Amino acid sequence: MNRKHETPYLSVFSPDMKIFELVETAPSLLSIFSRLDITLPFGDISVAQMCERDGRNVDLFLIICSMHVDSSYRPTRESLHIDMLQDVVAYLRASHRYYAEHMLPHTSQHLEKILQHCDELSRNLLRRFYDDYSRYIVEHFEEEERCIFAFADSRAGGVADCSILDMPHADIDDRSNDIASLIFKSLPAAAPTQLRCNTLEHIYALRDDLRRHTKVESMVLRPLVEMYIKSGDDETL
């Protein structure tokens, strides 16, 4: 379909794009397909056809893709609609599972390869630090699930205001940087450079993906929750 109005997503994306073209433009988007468990193969279908097949909102899907590939991208309020709410919550939930079941364990595997080259004190210190970091992230996800996401399942008015959306995220970023700093500065020289660099790449990839996750919460979820609350207020007028 040809859209005559300004699209709410990056101009390089379009509902008419073939899925292969979308991924070829930005291969990092494969992680979104993975976390949403989108069925392959795609054949020659377009983004719009895939979203229609899977019951997804195409504009929201492309907004999320845009936020994933361009850290400066900001969706406008006008581009968001209340019927996107449950879809964005489903995406954020899927991302929680993706981090907890894939990214955190995968990074841990790389870390363990480094620890084989460390003395016992360094092994215990870094393993405990990473375990605490992983536990903190998972507990943060669980709190979001309880306090923010549950209401969207039933639209039962479980949120009175948006204050619960003000959960702190900076500590996650700080802890990611602390682990990276520890690997850079404090591990014994016996830890091979290649293993050290591989682990740092995964830690930074996790940190950056969590940053994008936070932006989706603040720039997409929060406005949609505000719309939802306002729609309930309007109905009582």
Positive-end extreme of charge dipole, the chain - chosen from PRO188, MET50, ALA90 (charges on Cβ): PRO188
Estimated 222 nm signal from helices in the chain, with DSSP H stretches of n ≥ 4 weighted -39500 (n - 2.57), rounded to 500: -19500 deg cm²/dmol
Here the alpha-carbon Rg of the chain over 2.2 N^0.38 Å rounds to 1.15
Fewest-first ordering of LYS113, LYS230 by Cβ atoms within 10 Å yields LYS230, LYS113
Computed over the chain: longest principal axis from alpha-carbon atoms vs helix 104-115 long axis, angle to nearest 10 degrees, is 10
Relative counts (whole %) of C-alpha pair distances in the stretch 39-113, using bins that are 5 Å wide: 3, 12, 17, 20, 19, 14, 8, 4, 2, 0
Calculated FRET efficiency, LYS113 and PHE20, Cβ-Cβ r, R0 22 Å, to nearest 0.05? 0.05
Would you mind putting 11-23, 86-98 in packing order, based on average other-beta-carbon counts within 10 Å, highest first? 86-98, 11-23
Counting only backbone N atoms under 16 Å from a point 7 Å out along Cα-to-Cβ of SER34, the residues of the stretch 80-106 in range are 94-106
Whole-Hz ³J(HN,Hα) for each residue in the stretch 36-42, computed from phi via Karplus 6.51 cos²θ - 1.76 cosθ + 1.60 with θ = phi - 60°, x for glycine and proline: what do you get? 8, 6, 6, 5, 10, x, 9
Between the stretch 178-236 and the stretch 80-125, what's the alpha-carbon centroid distance in Å? 10
To the nearest 10 degrees, how steep is helix 222-236 against the longest Cα principal axis of the chain, on a 0 to 90 scale? 40
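Read-outs throughout are calculated quantities, based only on the coordinates presented, and are distinct from any laboratory measurement. From a predicted model like this one, the values you see are computed outputs, not experimental measurements. Ideal geometry is used to build each Cβ from the backbone, glycine not excepted, and the neighbour counts take in all protein chains shown.
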